1. Within region 113-138, how many residues are within 15 Å of the ligand (Cβ to nearest atom) and more than 20 Å from Ala159 (Cα to Cα)?
2. Kindly provide the set of residues from region 90-117 that are more than 22 Å from Lys176 (Cα to Cα) and not acidic (Asp, Glu), ordered by number.
3. Taking interchain pairs and intrachain pairs at least six residues apart, which have beta carbon atoms under 6 angstrom, with the first residue in region 67-88 and closer than 13 Å to Arg104 by Cβ and the second within 16 Å of the ligand (Cβ to nearest atom) and open to solvent by 10 Å² or more (accessible area, probe 1.4 Å)?
4. Please pick out the residue among Ile149, Ile73, Ile83 that is of a type in the set (A, V, I, L, M, F, W, C), under 18 Å from Gln173 (Cα atoms) and either away from the ligand (no atom under 16 Å from the Cβ) or not assigned by TED's automatic domain parsing to the domain that holds Arg29 (or both).
5. Quick check on this structure: which one of Leu18, Leu32, Leu7 is closer than 23 Å to Ile92 by Cα and away from the ligand (no atom under 15 Å from the Cβ)?
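The values are calculated or read from the model by the stated rules, or taken from the named source; none is laboratory data. As the structure is a computational prediction, the values presented were derived from the model and not from experiment. Here Cβ is always computed from backbone atoms with ideal geometry, including for glycine, and neighbour counts include all displayed protein chains. The area values use the complete protein model at the heavy-atom level, side chains included, leaving out ligands, DNA and RNA. Shrake-Rupley method; radii C 1.70, N 1.55, O 1.52, S 1.80 Å.
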Amino acid sequence: MKRVAILISGGGSNMVRLVEDMIGDHPARPVLVLANNPSAGGLAKAAAMGIATAVVDHRDFKGDREGFEKALISAIDPFEPDILALAGFMRILTPVFVGHYAERMINIHPSLLPKYRGLHTHARALEAGDDEAGCTVHEVTAELDDGPILGQARVPVKAGDTPDTLSARVLVQEHKLYPMALRRFASGDKSPILLG
Ligand code: GRF
């Protein structure tokens, strides 16, 4: 049974779906939900689902990225995770942290990678006049939003879309794709899932 730690920064809607899926014959179980923000709404949701929670506030480590990541590792490793799932985690991680969890860290990114690495992905897709958008689950490597792809889901861009309307349409697919991708990754299958 693989042990999964989930890292969040905000509402944790993806985390909730991951936890809800890890029941029954699923090859993994959640062991920790950690936030870099003490007011992350996802912390209360995780606690309500009976999952251990932790906070490492990045603001306590201003300018000390190394210290922040050491504190993250100290908070995470006692739970002995086999997999780290980044779910709306909004801090950039250095190759030191990524290396510590090499081959066992995954992330969901709200674009069809390799398009639109980084932030403001929906606004960028709209500005480019793309006729489709979507989300990607990928293994985390030292390069930002660049690891092997484990799954993608596509949605149409519609006339009159704003970043908010497009984000909402993509989020529905994130909630389908991420649990499927985590289940497959936890079973040792790295073949990519393609939805939509
Ligand atoms: C989502 O748009 C996701 O693509 C990105 O963070 C946003 C919030 O996710 N990674 P959540 O609701 O906190 O899971």
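1. Going through region 113-138 one residue at a time, the tally reaches 9.
2. Arg91, Ile92, Leu93, Thr94, Pro95, Val96, Phe97, Val98, Gly99, His100, Tyr101, Ala102
3. Taking only residues 6 or more apart or on different chains, the pairs are Leu86/Asn107.
4. Only one candidate qualifies: Ile149.
5. Of Leu18, Leu32, Leu7, the one residue that is closer than 23 Å to Ile92 by Cα and away from the ligand (no atom under 15 Å from the Cβ) is Leu32.
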